[in-house]
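Just so it is clear, none of the values below were taken in a lab; they were calculated from the coordinates. These numbers were taken from a predicted model, which means no experiment stands behind them. Note that we place each Cβ from the backbone using ideal geometry, even for glycine, and neighbour counts take in every protein chain shown.
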Amino acid sequence: MPTDQGPKPKIMVVEDEDNIALALDYLLTREGYSHDRVANGGEALARIRAMRPDLVLLDVMLPEMSGYEICQAMQLDPDLASIKILMMTARGSAIERKKGLALGADGFISKPFELAELRSEVRRLIEG
């Protein structure tokens with residue numbers, strides 16, 4: 001892989017389900033992204049601030065603080081507002097999607113997701 005492309009894009013995964021986090025870890029590693037994971041919504045904002053990722057993969061249903069609350073808090077924080085957010089939910093209804101996008105998410109993907117679909121969404125958000 002050529003190294004003249006600058007630093008690897010950084011991704012923060014906010015996901016409390018280990019099996020999904022493992023699948024994401026595998027995909028992101030294979031795609032060459034630098035990434036980290038936090039499993040608790042209550043810790044997510046501090047970790048996002050510390051990492052300054054290019055993209056946050058954000059589950060909706062989390063312990064302590066929901067993905068919607070994290071998304072909204074990021075939009076209200078001038079230091080975090082420019083970070084792209086891809087929300088993930090097992091309840092992929094139109095209402096859920098509309099709510100996530102209204103709160104400032106840049107994309108929305110339903111679980112279980114196809115890896116190809118996730119890969120293309122991640123690329124779209126990082127490169128766009």
Excluding residues on the same chain fewer than 8 positions from LYS99, give the lysines whose Cα lies under 26 Å from its Cα. LYS10, LYS84, LYS111
Log10 I(q)/I(0) at q = 0.09 Å⁻¹ for the chain, from Debye over equal alpha-carbon scatterers, is -0.22
Neighbour-count ranking for TYR68, TYR33 (other C-beta within 10 angstrom, fewest to most) reads TYR33, TYR68
Stretched fully, the stretch from SER34 through ARG52 gains (0.36 nm per residue minus C-alpha distance, one decimal, in nm) 5.3 nm
Exposure proxy ranking, count of Cβ atoms within 10 Å, fewest first, for PHE108, PHE113: PHE113, PHE108
Least to most buried among SER120, SER66 (fewest other Cβ within 10 Å first): SER120, SER66
